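A short worksheet on the structure shown next.
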Amino acid sequence: MKRNMLVLGLAAFTLLATNGLTSCGKEEESGETKIAMITDYGDITDQSFNQSTWEGVKEWGDTNNYKYKYYKPADNSDASRIASAEKAIEEGYNVIVLPGYAFAPCINKVAPKNKDTKFIALDVGKGDLLADYFGKDYDYNPDNTKWNTYKLPENVYSAVYQEEIAGFFAGYAVAKEGYRKLGFLGGMSVPAVVRYGYGFVQGVNAAASDADNFDIKYTYGGQFFGDADITARTDTWYQGGTELVFACGGGIYTSACESATKDGINGKVVGVDVDQKAIIETTYKKEGLCVTSAMKGLKATVLSKLTDVVLNKKWTSKIETLGLVSATEVEKNFVQLPVDTWSMTKFTVEDYKELVKKVYNGDIKVSNESDSNKHPETKANVKVEYQSQIK
């Protein structure tokens with residue numbers, strides 16, 4: 001969600017063809033390597049996964065004189081994502097960038113049949129791939145040899161992220177900023193969302209002084225978009241005194257934002273995955289609505305991996321967990337808060353840098369638990385109400 005260019009970006013992208021954009025950046029000088037990105041099902045102006053990923057592909061292609069293009073599937077289906085990937089390969093694109101867990105079926109079906117094509121996936125975890133490979137209702141047990149029969153195709157790399165650290169930073173920051181009545185609204189209780197939520201709770205708990213009481217409402221919507229039923233739940237939260245909600249999971253933030261901006265409510269939200277400040281505050285016409293965002297470094301991942309694969313000829317097929325890589329240069333980390341756009345004043349950038357250093361050095365440890373039934377321990381004055389899933 002690249003902030004301040006929303007209006008200009010939307011205007012510019014309306015000129016693009018529906019099935020994508022092709023560019024050589026400068027004069028094409030680089031032989032046969034061509035880079036394609038497949039959108040999950042949204043647009044490259046979605047201020048989320050697609051846009052951040054596309055910005056990385058475009059910047060890298062322009063800088064290094066490689067041809068690039070994006071493909072938008074006809075609809076939100078596995079078949080359409082697979083068809084788009086196959087079309088890109090037919091048109092000679094041999095490095096394919098795939099943003100998001102929805103591409104697990106595409107990876108399992110397309111990659112093994114196209115071994116000369118490199119697939120760079122973002123946020124597609126082992127659980128996503130296993131769920132597609134063994135069926136949606138699989139019961140994963142790492143000690144069961146059945147699951148070891150799955151092998152990641154040798155032409156696939158996927159970056160996953162330490163969401164718990166990004167969530168921890170957000171929870172710690174808003175608690176230090178002075179928010180005491182909080183909420184966590186997750187999409188579905190998949191591991192990445194659970195880690196965000198548990199990280200948020202751990203952050204609030206770490207920041208809580210003994211002199212204050214903290215109250216956290218916690219639930220999952222059961223889907224990755226907002227609707228009337230989910231908004232009804234967040235209505236009760238804000239009307240009952242909740243000040244801020246960390247809305248985590250696709251478009252589910254819309255329900256939190258609708259509740260936060262109703263008459264007589266001055267609620268706040270925390271965005272997720274990318275810096276959501278621009279899209280949230282433009283859509284809901286309320287400055288300061290998005291206090292901060294718990295972010296993943298999607299663009300940074302694209303830039304670094306394309307350099308490794310194309311320029312440095314380095315390729316390793318694996319699922320790699322990315323997190324903190326610097327104690328001092330916080331902008332280089334793959335999980336972070338957006339220091340340039342947050343609206344916090346009591347929790348300063350220097351406070352944040354000190355926090356990053358402590359987590360990086362191991363002085364503060366953040367659990368990466370992703371079992372939705374194993375809740376983090378909290379102090380007596382940090383009360384978490386785990387409510388039933390909405391859908």
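Below is a table of values for the structure above.
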read-out	value
Out of SER370, SER326, sole residue that is among the small types (Gly, Ala, Ser), surrounded by 15 or more Cβ atoms within 10 Å (Cβ to Cβ) and under 22 Å from the mean Cα position of the chain (by Cα)	SER370
Residue within segment 203-222 that is open to solvent by less than 10 Å² (accessible area, probe 1.4 Å), within 17 Å of ASN368 (Cα to Cα) and touching a helix residue (DSSP H, G or I) at 6+ places or on another chain (Cβ under 6 Å) present	yes
Where ASP128 falls short, out of the listed (1) of a type outside the set (A, V, I, L, M, F, W, C); (2) modelled with pLDDT under 95; (3) within 25 Å of SER304 (Cα to Cα); (4) surrounded by fewer than 23 Cβ atoms within 10 Å (Cβ to Cβ)	(4)
Exclusive hit being of a type in the set (D, E, K, R), more than 24 Å from GLY297 (Cα to Cα) and touching a residue at least 12 places away in the same chain (Cβ under 8 Å), set LYS379, LYS353, LYS332, LYS374	LYS379
Members of segment 212-237 found to be over 25 Å from the mean Cα position of the chain (by Cα) and touching a residue at least 40 places away in the same chain (Cβ under 8 Å), listed by number	ASP212, ASN213, PHE214, ASP215
Failed item, numbered, when THR242 is tested on (1) within 29 Å of ILE96 (Cα to Cα); (2) buried (at least 24 other Cβ atoms within 10 Å of the Cβ); (3) more than 24 Å from the chain's Cα centre (by Cα)	(1)
Unique match (being touching a helix residue (DSSP H, G or I) at 6+ places or on another chain (Cβ under 8 Å), among the β-branched types (Val, Ile, Thr) and assigned to a helix (DSSP H, G or I)) among VAL97, VAL160, VAL124, VAL174	VAL174
Residue within segment 220-236 that is part of a helix (DSSP H, G or I) and touching a strand residue (DSSP E or B) at 6+ places or on another chain (Cβ under 7 Å) present	yes
Residue selected from segment 72-94 under the condition more than 21 Å from GLY42 (Cβ to Cβ) and assigned to a helix (DSSP H, G or I), by the criterion most open to solvent (accessible area, probe 1.4 Å)	GLU90
Hits in segment 245-254 (condition: within 16 Å of the chain's Cα centre (by Cα) and either at pLDDT below 95 or not in a helix (DSSP H, G or I) (or both))	PHE246, ALA247, CYS248, GLY249, GLY250, GLY251, ILE252
Of residues in segment 47-61 being touching a residue at least 40 places away in the same chain (Cβ under 8 Å) and open to solvent by 10 Å² or more (accessible area, probe 1.4 Å), the one farthest from TYR161 (Cα to Cα)	GLU59
Filtered residues of segment 255-277 (kept if among the acidic types (Asp, Glu) and assigned to a helix (DSSP H, G or I))	GLU258
Boolean, ILE230 is farther than 27 Å from GLY323 by Cα and either crowded, with 24+ Cβ neighbours inside 10 Å or modelled with pLDDT under 95 (or both)	yes
Qualifying residue in segment 278-294 (condition: part of a strand (DSSP E or B), of a type in the set (D, E, K, R) and open to solvent by 10 Å² or more (accessible area, probe 1.4 Å))	no
Among (1) in a loop (DSSP other than H, G, I, E, B); (2) more than 17 Å from GLY167 (Cα to Cα); (3) in contact (Cβ under 8 Å) with a residue 24 or more places away in the chain, the one test that LYS314 misses	(3)
Options LEU98, LEU185; residue that is open to solvent by less than 10 Å² (accessible area, probe 1.4 Å), under 25 Å from ARG81 (Cα atoms), within 19 Å of the chain's Cα centre (by Cα) and in contact (Cβ under 8 Å) with a residue 40 or more places away in the chain	LEU98
Residue that is open to solvent by 20 Å² or more (accessible area, probe 1.4 Å) and either in a loop (DSSP other than H, G, I, E, B) or modelled with pLDDT under 95 (or both), where the choices are ASN141, ASN108	ASN141
Tally of residues being surrounded by 24 or more Cβ atoms within 10 Å (Cβ to Cβ) and touching a Lys or Arg at 6+ places or on another chain (Cβ under 8 Å) across segment 256-274	4
Residue in segment 193-201 that is open to solvent by 10 Å² or more (accessible area, probe 1.4 Å), closer than 30 Å to GLY264 by Cβ, among the basic types (Lys, Arg) and in contact (Cβ under 8 Å) with a residue 24 or more places away in the chain present	no
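The values are calculated or read from the model by the stated rules, or taken from the named source; none is laboratory data. Since we're looking at a predicted model, the values are computed, not measured. Cβ coordinates were reconstructed from backbone atoms using ideal geometry, including for glycine residues, and neighbour counts include every protein chain displayed. We work out accessible area using only protein heavy atoms, side chains counted, and drop any ligands, DNA or RNA first. Shrake-Rupley method; radii C 1.70, N 1.55, O 1.52, S 1.80 Å.
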